[in-house]
1. Answer with a single label: of (i) 10, 34, 27, 19, 8, 2, 0; (ii) 9, 30, 33, 20, 6, 1; (iii) 9, 25, 20, 18, 15, 11, 2, 0, which was calculated as P(r) over Cα pairs in 10 Å bins from 0, in percent from the structure in view?
2. Give me, ordered by chain and number, the residues 5 or more places off VAL80 or on other chains with an amide H under 5 Å from its own placed amide H.
3. Taking the Cα centre of the chain as origin, work out the dipole magnitude from +1 charges on Lys and Arg Cβ and -1 charges on Asp and Glu Cβ, in debye rounded to 20.
4. With r as the distance between the Cβ atoms of LEU119 and LEU97 and R0 = 30 Å, compute the FRET efficiency 1/(1 + (r/R0)^6) and round to 0.05.
5. If amide H atoms are built 1.01 Å from N in the plane of the peptide, which residues on other chains or at least 5 residues away come under 5 Å of the amide H of LEU93?
6. Going toward the positive end of the dipole of the chain, with +1 on Lys and Arg Cβ and -1 on Asp and Glu Cβ, which of LEU51, ALA28, PRO106 do you reach last?
7. With each run of n ≥ 4 DSSP H residues scored as -39500 (n - 2.57), what mean residue ellipticity at 222 nm is computed for the chain after dividing by its residue count and rounding to the nearest 500 deg cm²/dmol?
Amino acid sequence: MPPEVLRRFAEIGREGSTLAVLRHARIAEQMGLSATDHKALDLASRAEGPLTAGRIAQLTGLSTGAVTGVIDRLERAGFVRRVRDTKDRRKVLVELLPFDEEKFAPLFASALDAVGQVLERFSPTEREIIERYEHQLLELMRAQVLGGNSA
């Protein structure tokens, strides 16, 4: 890969990452959460059913001690609750509570609108290439963040 191409893409990625972190910090604040709590809630909301604290730690890359604090804050804010596992009473699960998604939808609307506006500028074939690029990049990032590899 030519160094100049790599540098350009790295700079685009760096700026995009910074803006995404700032956007989500703002959204989290409006939801009454920290950015970390917000992203942990997002991961939990995409899981199939309740999660253990250990699984949340795996998904987030946070220590189990940090996850305990996240769960405490999410529970106080009314987004989750701790429940006993019906199959193994020693286990505590974190269960997502129903919440008014419509209440928070406007916080995400501008991001979704921006994605739509940009994607309209590309052909279906180009969108497939962009999507493939994004999936491959996410796969590598996921392995680095959640697999314990250095970034």
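1. Only one option fits the structure, namely (ii).
2. GLU75, LEU97
3. For this selection, approximately 700 debye.
4. About 0.35, to the nearest 0.05.
5. Distant-sequence amide H within range of LEU93: VAL83, ARG84, ASP85.
6. Projecting each Cα onto the dipole axis, the largest value belongs to LEU51.
7. About -23000 deg cm²/dmol.
Values in this text are rule-based calculations from the coordinates and carry no lab data. Everything quoted here is computed from the prediction, not taken from an experiment. As a convention, Cβ positions derive from the backbone with ideal geometry for all residues, glycine included, and neighbour counts pool all protein chains shown.
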